[in-house]
Amino acid sequence: MNKTYKHLKLSAAALALSVGVAQAADVEVLHWWTSGGEAAALNVLKQDLEGQGIGWQDMPVAGGGGTEAMTVLRARVTAGNAPTAVQMLGFDILDWAKEGALADLNATAAAEGWDAVVPEALQAFAKHDGKWISAPVNVHSTNWVWANKAVLDANGISAPTTWEEFVAAVETLHDAGVTAIAHGGQAWQDATVFDAVAMSTGGPDFYKAAFIDLDPTALGSDTMKEAFDRMAFIRDHVDENFSGRDWNLATAMVINGEAGFQMMGDWAKGEFLNAGKVPGEDFLCFRFPGTGSQVTFNADQFAMFDQGGPVSAEQAALASAILSPSFQSAFNVVKGSVPARTDVSDEAFDACAKQGMKDLAAASASGNLFGSMAHGHAAPASVKNAIYDVVTAHFNGEYDSATAVTELVEAVSIAQ
Ligand code: GAL
């Protein structure tokens, strides 16, 4: 919708209100939730808003991790036609806030007491200069493995807890002629796996030094080379059609028993649930081997774009709907994530989410909660994209591990 049209619509709504007729404007929402599980979760939000008389104009931009969505957003804003609300991750939110593009949600946040219930780790990305500039909808984490239980049982495998056990399980499946690892060869997916592999290889101090502090010593270390060697092992145990595959199609391979494992954030669980599968019976969820005490998180938020005036009534209503405890429960049960508030009961959630909520609280309390590099919560997009390039080039055999380490140090230094 162009701006002129939107203004016409808003004045029509104002006129309708002034004569006592209830009518609300639409919200246009840009997002990348296009898989079956994601769309089911998004419907929870659409219906919530429709219940309040707010219409939904869908602006989906396919592409997991949101890289393509962020390109479309930049074009829209440059053309002076920003969407009402945009799904966004971590540092991207802060980058847009610094440009002055985001509406101020402080009035809604204060009225509803967001400060007291949204975890600090999320507030770090939802506030800028003392102002709330986005509404957190969930907390995902990237260091999960999803497994087909029947495939594991048939091969005498139980959930591995260390890298060595994982290697043994993968080799058992491989020897049995089963695709061990379902993977989609896209840069953001390679990087999602790398998040967990790096954490497992070097531990939390190493992860923080490399991806959050961007310390050249950690980036250039033997530990990093070992992490790349582990990525090469994973590369050797994916099927030959992995290149370019969408993440949800890789999840479908595990759902259908065509592969044993997928390393992916807990949005993968939304696909299992959408296919009617039950955790513990049909599939298993467990932390990436060697990362049992750590959580690498990413939180989806909806940033409200400044429409040329104070925050609009629809934007405030959308933000308020997103933060409501009942919505946080209903949405996250379907999405695979956990609530962005600390005061939501885990009662409605399945076993994987209950574990996710416990892990998140424990990791936060013990200093083991870190932003996901792959999903924009460790470093700004320029650095993230530089890491993507090296990880993907290595995964596709362009670099050996030693070269990848050298390239990584250089790429991160140039990107800052
Ligand atoms: C992540 C996002 C998730 C999920 C995933 C795959 O970046 O946080 O909500 O959508 O991409 O699309």
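The values are calculated or read from the model by the stated rules, or taken from the named source; none is laboratory data. Here the structure is a predicted model, which means the values were calculated and not measured. Because the Cβ atoms are built from the backbone with ideal geometry, glycine has one as well, and the counts that use them run over all protein chains shown.
Overview of results
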quantity	calculated
Selected residue [in the same structural domain as Ala340 (by TED's automatic domain parsing) and small (Gly, Ala, Ser)] from Ala169, Ala159, Ala187, Ala116	Ala116
All positions within the range 323-341 that are under 13 Å from the mean Cα position of the chain (by Cα) and assigned to a helix (DSSP H, G or I)	Asn332, Lys335
Those strands (runs of 3 or more DSSP E) lying entirely in the range 212-322 with at least 3 residues farther than 30 Å from Trp132 by Cα	259-263, 283-287
Some residue of the range 28-38 being β-branched (Val, Ile, Thr), out of contact with any Pro (no Cβ under 7 Å at 6 or more places or on another chain) and surrounded by 15 or more Cβ atoms within 10 Å (Cβ to Cβ)	no
Given (1) under 24 Å from Leu94 (Cβ atoms); (2) touching a helix residue (DSSP H, G or I) at 6+ places or on another chain (Cβ under 7 Å), index of the condition Asp306 fails	(2)
Cβ-Cβ under 7 Å pairs, at least 6 apart or on other chains, the range 220-234 side surrounded by fewer than 19 Cβ atoms within 10 Å (Cβ to Cβ) and aliphatic (A, V, I, L, M), far side part of a helix (DSSP H, G or I) and at pLDDT 95 or above	Ala232/Ser401
Any hit, the range 142-158, residues being hydroxyl-bearing (Ser, Thr, Tyr), touching a His at 6+ places or on another chain (Cβ under 9 Å), touching a residue at least 40 places away in the same chain (Cβ under 8 Å) and not in a helix (DSSP H, G or I)	yes
Residue in the range 309-322 that is in contact (Cβ under 8 Å) with a residue 24 or more places away in the chain, within 16 Å of the ligand (Cβ to nearest atom) and over 30 Å from Glu165 (Cβ atoms) present	yes
Count of the range 387-406 residues which are surrounded by fewer than 20 Cβ atoms within 10 Å (Cβ to Cβ) and in a helix (DSSP H, G or I)	7
Count - residues of the range 29-53 that are among the acidic types (Asp, Glu) and within 16 Å of the ligand (Cβ to nearest atom)	1
The range 99-140, residues that are under 21 Å from Trp267 (Cα atoms), of a type in the set (S, T, N, Q) and assigned to a helix (DSSP H, G or I)	none
The listed residue being assigned to a helix (DSSP H, G or I), within 16 Å of the ligand (Cβ to nearest atom) and crowded, with 18+ Cβ neighbours inside 10 Å, out of Ala209, Ala196	Ala196
